[in-house]
1. With a ≥ b ≥ c taken as the square roots of the eigenvalues of the C-alpha gyration tensor of the stretch 194-307, please select rounded if a/c is under 1.5 and otherwise prolate if a/b is larger than b/c or oblate if it is not?
2. So how strong a dipole does the stretch 25-127 carry about its Cα centre when Lys and Arg Cβ are +1 and Asp and Glu Cβ are -1, to the nearest 20 debye?
3. Using label points projected 7 Å from each Cα along Cα→Cβ, tell me how many nm separate GLU187 and ARG343, to one decimal.
4. Which Cys residues of the chain have no other Cys beta carbon under 4.7 Å away?
5. What does the extension gain come out to for GLU82 and LEU21, with contour length at 0.36 nm per residue minus their alpha carbon separation?
6. Between ASP147 and GLU217, how high is the FRET efficiency from 1/(1 + (r/R0)^6) when r is the Cβ-Cβ distance and R₀ = 30 Å? Nearest 0.05.
7. Name the residue farthest towards the positive end of the dipole of the chain from the options VAL25, ASN8, ALA74, assuming +1 on Cβ of Lys and Arg, -1 on Cβ of Asp and Glu, about the Cα centre.
8. Run down the aspartates and glutamates and flag those whose C-alpha is under 18 Å from the C-alpha of LYS232, throwing out any fewer than 8 positions away in its chain.
Amino acid sequence: MLIEKLCNNHDLSDGEFRTLLETDVYDDALRTAADAVRREHYGTEVYLRGLIEFTNYCRNDCLYCGIRRSNTAASRYRLTEEDILACCEEGYALGYRTFVLQGGEDAYFTDERVCRIVSAIRERYPACAVTLSIGERPRASYQAFYDAGAERYLLRHETADPQLYSRLHPAELHLENRIRCLYDLKEIGYQVGAGMMVGCPYQTTEHLIRDLRFLQELQPDMIGIGPFLPHKDTPFRDAEKGDLYLVLRLLGVLRLMFPEVLLPATTALGTIHPLGREMGLKMGANVIMPNLSPVSVRKKYMLYDDKICTGEESAQCVNCLANRVNSAGYQVVSSRGDALRCRKAEK
Ligand code: SAH
């Protein structure tokens, strides 16, 4: 009943969301419905985003994050433009048509440097999309990156509740500014990705419902969610992990609320359970973001403990992932994998 209603209306009351999120009794029905909706819109296709973690320097001090500035145990690195282009070359040969440049908020990467890198990638690989995920910047910077050829931006809102936001972040960071960034990015014309961490300290079902309401307002093209996982050198070292099943349930709910949204099965989901990403795909997820960073730096981009795909064996991530995707009943495709909204606009 609840699932049918969510399927038809793409919405529920707060009370109904609460019921759905706080029990496992609807999970099977949710999985069946979410998978049917993803097949209706996307078939069995899974889109790849090659993730290049190009710097772990960060001026921010988010309490949950392993690369926060007060973590003096973190060994810091920056990739050069040549390193980044080498990652793209390797990724292109492997079939990637989207490169995601993600990093800490690193002042070394001025607007000018970021623009140079974006233009260089677009020039060499005109068939590829460039996504940035480098945190909060002034609107003018976002505009400059867009003009240089970046078409997508990932900036999770983390939580849409201002009180919870301030318990997870240092005093100088404000939810208001994060949201301002997301709307700026949208207005400029980016395909935008938002999302929240699930199961972070102090989070309740009410907070998650607030996230769903915020996402209804923002209408992002992508929604990235994953479980909170503690990092040993952060103030949340002793906090509980997020709950795998709650993340999966939310993926199903998001697929039904936003039938056409791009929904990654995230690395954190693969870290909390060896088959987490496969379970995510079966719950409506349709994007995977394999790590394309040089193996030599992967262990240094440690946002949380035990992150997967950081060992010597990890250069072969694509093959491993293609097999995993097949085993779940889907296929990876070599395309830009734009949001359906944008593909329709182009026609
Ligand atoms: N500096 C960029 C990129 C952040 S890293 C930015 O501000 O957007 C990408 C995402 O990793 C974050 O948005 C956060 O949701 C997630 N993350 C960070 N620490 C985490 C942790 N301990 N557990 C789970 N996810 C985490």
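1. oblate
2. Numbers: 14 positive and 17 negative charges, 33 e Å.
It works out to roughly 160 debye.
3. 3.1
4. Cys with no partner Cβ under 4.7 Å: CYS7, CYS58, CYS87, CYS88, CYS115, CYS128, CYS181, CYS200, CYS309, CYS317, CYS320, CYS342.
5. 17.4 nm
6. In this case the efficiency is close to 0.65.
7. ALA74
8. Those aspartates and glutamates meeting the cut-off are ASP61, GLU240, ASP305, ASP306.
No value in this document is a laboratory result; all are computed from the given coordinates. The model shown is predicted, which means the values in this text are computed figures rather than measured ones. Every residue, glycine among them, receives a Cβ derived from its backbone with ideal geometry; neighbour counts consider all protein chains shown.
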